[in-house]
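Written below as structure tokens is the structure these notes are about.
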Amino acid sequence: MKKYVLGRVIRAIIAVFVVTAIAIIMIFTMIPRENIFRDDTAQLQKLNGKPDDITIYKNNKWEQLGYLDFVRQAEMCQTESDDYDACMIVNEHTVVNDNGIETKEYTYSEEGEKVIEAYTQKGYKVQYFVYGGFYATKDYSGLEIVFNFFKNLIKIDTPSAVQDPDNPDLERKIYIGTDYNGVPAIMCSGCEHNYLLYFDGNFPFIHQNFISLNFGQSYPTYQNPSTLDVINSSQGSLDNREQTYPNGKTGNSADNFHTCTYKATASLDHMDANKFDDNYANCKSYYTYPSMVSMSYIFGIIALVLAYAIAIPAGVAMARNKGKWPDKIGIVYVNIMIALPSLAFIYFMKVLGFRIGLPDKFPILGFDNIMSYILPVIILALMSTASLMIWIRRYMVDQTNADYVKFARSKGLSQKEIFRKHILKNAIIPIVNGIPSSIILCISGSVITESVFAIPGMGKMLPDSIKAFNNNMVITLTFIFTALSIFSVLIGDLLMTVVDPRIQLDAKGGNE
Amino acid sequence: MEQNRNNILSVKNLEVKFKVRDRVLTAIRNVSLDFEEGKVVAIVGESGSGKSVFTKTFTGMLEINGEVSNGEIWFEGKNLLENKTDEEWMQIRGKKIATVFQDPMTSLNPVRTIGYQISEVIIKHQGKSKAEAKAEAIELMERVGIYNAEQRYDEYPFMYSGGMRQRIVIAIALACHPKILICDEPTTALDVTIQAQIIHLIKDLAKEYGFTTIYITHDLGVVANVADRVAVMYAGQIVEFGEVEEIFYDPRHPYTWGLLSSLPQLGEKGNELFAITGTPPSLFEEIKGDAFAPRSEYAMRIDFEEEPPMFKVTDTHYAKTWLLDPRAPKVEKPKVIQNLHEKMLALTAKGGIYGEH
């Protein structure tokens, strides 16, 4: 069993990496890289009329996102030339052409040409700025991009992580301390994070910073924070609360001191000095509303519980009264739900809900009002009842015709006892297999419902990111959804062994 | 048939109909039969002759499209057919009349422990506590020949072999000390050595627990070994009924002759095995005369015109054939079964399933 699970986990990890690698190669090599700037008009308009600045901006972004290696003249001269000053010389000549229009031309020193030659030799493409100066770029191949991505993916925090020339005496150690609430935590000095392991009141209550995943920055939508932060950070306005600062003072602040990371001494200000007596002053803030993932999760889980609460008794009732009225009504319902396009159903329910006073958009009443949640949850739940009902009915009917049911009847058990003690336990086995997937994949949100109700959740994230060419976000989501799907199937299989004694997960099982 | 004071179950003029795709099929046609307490009755006949349907009516377990359209089943002074609800039948099923089905591989719930499935019945029908039921279940398991019953109590059916599962099914059937045990082809799905063990187990248990056994089988070898009485069924009717010796050594109905002649043990090397030609009549149509007449080489004109009555051969032996009418021509039973007694003795002397162990 252990061996089997280990094997499955290894295979799952490989599968996740393969899928992610394919996504990375497709995105980086098949989508024109210019497209990523399409939604970044604000910044590019600012640079309008400054072609060199645009070139620098774009190349910097591409470098940041992992498309290429971008080096400017200064850097080129530093690495390849012995005479930096000579290398940096740009000679400007004014040339008048036949039509009398003046243009400028630039030439470079011998040292400069040498460096250009050296970079061309290294496979770089050297180009010239419009207003003088040169730079070189080198595109990464698909495999290099994948390699770089995975190289940077996992970040392990160690006491030697911080390099701050202004703070040479920084102590470097991991120790067990207490946080500002007096709760024990594993802390670190010299690491990126102040707290490596801590407890708080938020799910899942225990948090770690030893290992973090780095999928790169989100661009061009939700600019600059890392993609994980975008989907994980809470939303809304700052949630100020009375807190005790790490230096012992108290005050009103929205900082979540557990999340503090190292801030370079040079950038510390008097505000920081007010709250902190060390360099761990770069903290995330508490916000009033849950993150996108949490939003989708709240809706998903409530809807899921509701769906099962409706579908299981309904499916059982249909099976028990096969061919009679409850069954017929159920079949009509299932047929309608399956035949009706989900968008039509959502709008129908929306109108119906609006009639009885429920808001037809989430932001109307917002996060704090329970009324905002009712309609989307009911819609989400009802949409998944149809298939659940028909499967439960089908499994129950299958089991009802089994020989052991006949024998149980001949033992003198009542119909009710047979259903409850025998049939249900058998019929639930295939259902159980699907439950972890349903629970875990709630995280991915529901595209249509969230769009229609303007819910700030995860559902729209993937299509929006694809539309906006937010490549890192697409890759992040691909990675997360793939990993969750594969592992939820594994959990589903493990759960099956609990409800079905016949199933034993064994590395030697089957034809292997 | 005469009334007998020791009758535990009396079936009178039973008729069962099934509705199949808007057509009505008569599966049991006016059957009357008495079961004497403590005797083993075997019901034989080919597939579709109504053996199983007949016994299912005793516990009200007909399929949903089936219905008893006429008749009475008397048990402990009560007509069972007056039971309408499941609750009334539950007083009979398992508690008074238990059934062992053909396929032990599927008779048990695959996801419940063996112990649970046995004690469930004990708790239900005897109102015992869980601990008491467990003790009794383990005792029963030992009684039906499960070694290490205590350890195996918590195991699941898939951990048991076919023969052991059938032992468990029998243990469950006996958990409530029923008056009657219906064995619906209990050994058909088992291999020959296990068949013999199960048959002997049922025989021993019948003695010990004092229940009346009704065997449904098409294996005449089993019949010869276990039965006191034999009822031969054909096309929804009992065509011959008698003591086991009478049926084997003095059969009167041409169908019984056919059945006995087709015993594979009687086949001689090099010769083809005997088989009754033709197929049974369709039960959707009304059957005129003797249902077996079209397949019988002894059929007379009257067989196609009028249904024969039950003729009495001896006090215990009855047959439903016009051949027993005084006006009928004298015919001899087929040669192959004329000295069946000697042949059977020769066969059983070799041991095996049909021999005494």
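Is it the case that the stretch B:122-138 has a residue that's under 21 Å from B:Phe211 (Cα atoms), buried (at least 18 other Cβ atoms within 10 Å of the Cβ) and within 10 Å of chain A (Cβ to nearest Cβ)? Yes, the stretch B:122-138 has at least one match. Being within 12 Å of another protein chain (Cβ to nearest Cβ), touching a residue at least 60 places away in the same chain (Cβ under 8 Å) and farther than 20 Å from B:Thr57 by Cβ is a property that A:Lys425 has. Consider the stretch B:262-283 and keep the residues that are among the polar types (S, T, N, Q) and more than 17 Å from B:Ala293 (Cα to Cα). The one that is modelled with the highest pLDDT is B:Ser262. Being part of a loop (DSSP other than H, G, I, E, B) and within 14 Å of chain B (Cβ to nearest Cβ) is a property that A:Ile455 lacks. Residue count for the stretch A:389-408, restricted to those that are more than 16 Å from A:Phe345 (Cβ to Cβ) and more than 9 Å from chain B (Cβ to nearest Cβ): 12. Consider B:Phe284 carefully, then state whether it is in a loop (DSSP other than H, G, I, E, B) and farther than 25 Å from B:Glu15 by Cα. Spelling it out, it is not the case that B:Phe284 is in a loop (DSSP other than H, G, I, E, B) and farther than 25 Å from B:Glu15 by Cα. Among the residues of the stretch A:402-428, those identified as farther than 27 Å from A:Leu495 by Cβ and out of contact with any strand residue (DSSP E or B) (no Cβ under 6 Å at 6 or more places or on another chain) are A:Lys406, A:Phe407, A:Arg409, A:Lys411, A:Leu413, A:Ser414, A:Gln415.
Please tell me if B:Gln151 is of a type outside the set (Ser, Thr, Tyr), surrounded by fewer than 22 Cβ atoms within 10 Å (Cβ to Cβ), at pLDDT below 95 and under 26 Å from B:Lys207 (Cβ atoms). So B:Gln151 fails the test.
Filtered by the rule that a residue be free of Cβ contacts under 8 Å to residues at least 12 places away in the same chain and either assigned to a helix (DSSP H, G or I) or in contact with a Pro (Cβ under 6 Å, 6 or more places away or on another chain) (or both), the stretch B:131-148 gives B:Ala131, B:Glu132, B:Ala135, B:Glu139, B:Glu142.
For B:Met310, the conditions (1) within 29 Å of B:Thr26 (Cα to Cα); (2) touching a residue at least 12 places away in the same chain (Cβ under 8 Å); (3) exposed (fewer than 13 other Cβ atoms within 10 Å of the Cβ) all hold with the exception of (3). Is it fair to say B:Glu240 is in a helix (DSSP H, G or I), outside the structural domain of B:Val31 (by TED's automatic domain parsing) and either surrounded by 19 or more Cβ atoms within 10 Å (Cβ to Cβ) or in contact (Cβ under 8 Å) with a residue 60 or more places away in the chain (or both)? Here the answer is no, as B:Glu240 does not meet what is asked. Take A:Thr120 and tell me if it is under 30 Å from A:Tyr67 (Cβ atoms) and either of a type in the set (Val, Ile, Thr) or under 20 Å from the mean Cα position of the chain (by Cα) (or both). Yes, satisfied. Restricting the stretch B:76-90 to residues that are within 10 Å of chain A (Cβ to nearest Cβ) and within 22 Å of the chain's Cα centre (by Cα) leaves a set whose member that is surrounded by the most Cβ atoms within 10 Å (Cβ to Cβ) is B:Met90. For the stretch A:229-241, the condition holds for no residue, the condition being that it is over 30 Å from A:Phe149 (Cβ atoms), part of a loop (DSSP other than H, G, I, E, B) and among the hydrophobic types (A, V, I, L, M, F, W, C). Can you pull out the residues in the stretch A:392-421 that are out of contact with any His (no Cβ under 9 Å at 6 or more places or on another chain), under 24 Å from B:Phe58 (Cα atoms) and either β-branched (Val, Ile, Thr) or not assigned by TED's automatic domain parsing to the domain that holds A:Asn321 (or both)? Across the stretch A:392-421, the qualifying residues are A:Thr400, A:Ile418. Inclusion of A:Thr497 among residues that are within 14 Å of chain B (Cβ to nearest Cβ), among the β-branched types (Val, Ile, Thr) and either surrounded by fewer than 21 Cβ atoms within 10 Å (Cβ to Cβ) or at positive phi (or both) is warranted. Among the residues of the stretch A:434-447, none qualifies, meaning not one is within 14 Å of chain B (Cβ to nearest Cβ) and more than 22 Å from the chain's Cα centre (by Cα). In the set (1) closer than 28 Å to A:Phe210 by Cα; (2) not assigned by TED's automatic domain parsing to the domain that holds A:Ile440, the condition left unmet by A:Ser296 is number (2). Please enumerate the residues belonging to the stretch A:37-93 that are over 27 Å from A:Thr221 (Cα atoms), of a type in the set (S, T, N, Q) and outside any helix (DSSP H, G or I). A:Ser81, A:Asn91, listed by residue number. Among the residues of the stretch B:94-106, not a single one is surrounded by fewer than 18 Cβ atoms within 10 Å (Cβ to Cβ) and either at pLDDT 90 or above or over 24 Å from B:Gln195 (Cβ atoms) (or both). The sole residue among B:Glu63, B:Glu88 that is of a type in the set (Asp, Glu) and either in a strand (DSSP E or B) or over 27 Å from B:Ile198 (Cβ atoms) (or both) is B:Glu88. Residues that are in a helix (DSSP H, G or I) and at the interface with chain B (Cβ under 7 Å from one of its Cβ atoms) within the stretch A:409-420 comprise A:Arg409, A:Ser410, A:Gln415, listed in sequence order.
Among the residues of the stretch A:460-476, not a single one is more than 14 Å from every other protein chain (Cβ to nearest Cβ), in contact with a Gly (Cβ under 8 Å, 6 or more places away or on another chain), more than 17 Å from A:Ser218 (Cα to Cα) and part of a helix (DSSP H, G or I).
The values are calculated or read from the model by the stated rules, or taken from the named source; none is laboratory data. These numbers come from a predicted model, not from an experiment. Neighbour counts are summed over all protein chains in view; Cβ atoms, including those assigned to glycine, are modelled from backbone coordinates with ideal geometry.
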